[in-house]
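A.B. asks: The structure under discussion is supplied below as structure tokens; questions concerning it will follow.
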Amino acid sequence: MHENTQDNRADVNINFQSSNELMHEVMKQLSLTAAVRLESNHGWEKDIEVLVFLHWLAHAASYRVVSQTFDMPISSVHGIVHKVSKAVIGILRRVISFPTGDDLEAVGAGFAQLAGSPAFSRAVGAIDGCHIQIKPPGNNSQYYYNRKLFPSIQLQAITDHRGKFLDVFMGYPGSVHDSRVLRNSPVYAGSLYPPAGKCILEDGGYPCLRAPICLITPYREPVQNPVQARFNSKHGHTERQARFNSKHSRARSIVERAFGMMKTRCPVFMPEVVACCAVLHSLALVNGDIVEQVEEDHDDGPPEPHNLEPRGGEHVRDNLSAAVVIVQQSSFPSLVCVCVCEIKFSFQTCLF
């Protein structure tokens, strides 16, 4: 009996890239959505509809292949896919949302663990973008070709320490720089997240900002003249920055892993269903359903264009970097506590 149960679970994971727990959670969430409670005109049970949709996503299969798998008309598969995808998008704001209260503190503790430094408890998100390959439109198709020379639109996402999506923003052509996508996103324009005293980690393709939202990038490696090189070496600046960058990278890379896991789970990944993939990925992580990610060919991209954004995040980053060094080098627990508290106070003060 036990072996049969294990075999059934394995078959579910292979055929749907989803665990039993995830499928039950999807059905539970969709049962609360009005779009799913609409009467079907083809007579299939709602559980079957969800299975058809997950199978279609997991295998990037044509409607014909799915219809043969489930022994149902192609027209029914077409209707089910569109119906369930609409319903999944309907629960997006319920599943993908910013944490508050104890959940927010748990996210900060998670990033501190990822980075290997309690100083990173100030971080409550990691932001990045990925390109979704598309067939370019007939008009102005040149704007959709990204720096890797394939047509795409961009997905910007913020994740927590587990890789669960907290916010998604999609639609800009592939040629648009990450910093411009950020500047036009609701989270930036409305200063929606993070709350005061917290920050979001990002790669070198974004600006380091204090406001309207606090975004922290790694230090760049500048070309130094001899005077700067001697000064930095004498005061340990280069070593401190390298240590900060290492911990920053360990924490920030969770967003890249999130994109990889989502693409593994939903290889269809076309614009019409990206939001669905983000919802399913987040539900999966909440239910402990983790898949091995595909290898992502990721780079930080070119530096952001000059003078497009307000600055001010460098001082915040310096305070965070100093906290990393204090916590790591001090051998006196009481001194660590006092120093970190002072750094936190300075960190919060410089946000205003």
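The values are calculated or read from the model by the stated rules, or taken from the named source; none is laboratory data. Here the structure is a predicted model, which means the values were calculated and not measured. So basically every Cβ, Gly included, is an ideal-geometry build from the backbone, and we count neighbours across all protein chains shown.
A.B. asks: Take the residues in region 189-204 that are within 15 Å of Asp160 (Cα to Cα) and among the charged types (D, E, K, R); name whichever of them is surrounded by the fewest Cβ atoms within 10 Å (Cβ to Cβ).
C.D. replies: Only one residue tops the list, namely Lys198.
A.B. asks: Hey, does region 115-130 have a residue that's among the hydrophobic types (A, V, I, L, M, F, W, C), modelled with pLDDT of 90 or more, buried (at least 17 other Cβ atoms within 10 Å of the Cβ) and in contact with an Asp or Glu (Cβ under 6 Å, 6 or more places away or on another chain)?
C.D. replies: Yes, some residue in region 115-130 is among the hydrophobic types (A, V, I, L, M, F, W, C), modelled with pLDDT of 90 or more, buried (at least 17 other Cβ atoms within 10 Å of the Cβ) and in contact with an Asp or Glu (Cβ under 6 Å, 6 or more places away or on another chain).
Yes or no, residue by residue, for (1) among the acidic types (Asp, Glu); (2) within 30 Å of Leu192 (Cβ to Cβ); (3) in contact with a strand residue (DSSP E or B) (Cβ under 7 Å, 6 or more places away or on another chain); (4) at pLDDT below 90:
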position	(1), (2), (3), (4)
Arg9	no, no, no, yes
Glu21	yes, no, no, yes
Val26	no, yes, no, yes
Leu30	no, yes, no, yes
Leu54	no, no, no, yes
Ala60	no, no, no, yes
Val66	no, no, no, no
Ile96	no, yes, yes, no
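A.B. asks: Another question, if that's okay. Among the numbered criteria (1) closer than 22 Å to Thr264 by Cα; (2) surrounded by 14 or more Cβ atoms within 10 Å (Cβ to Cβ); (3) not aromatic (Phe, Trp, Tyr), which single criterion is violated by His82?
C.D. replies: With (1) closer than 22 Å to Thr264 by Cα; (2) surrounded by 14 or more Cβ atoms within 10 Å (Cβ to Cβ); (3) not aromatic (Phe, Trp, Tyr) applied to His82, the lone miss is (2).
A.B. asks: Find all pairs meeting these conditions: Cβ atoms under 8 angstrom apart; at least six residues apart or on different chains; first residue within region 90-101 and within 16 Å of Lys28 (Cα to Cα); second residue in a loop (DSSP other than H, G, I, E, B).
C.D. replies: Note: pairs meeting the criteria are Gly90/Thr33; Ile91/Leu32; Ile91/Thr33.
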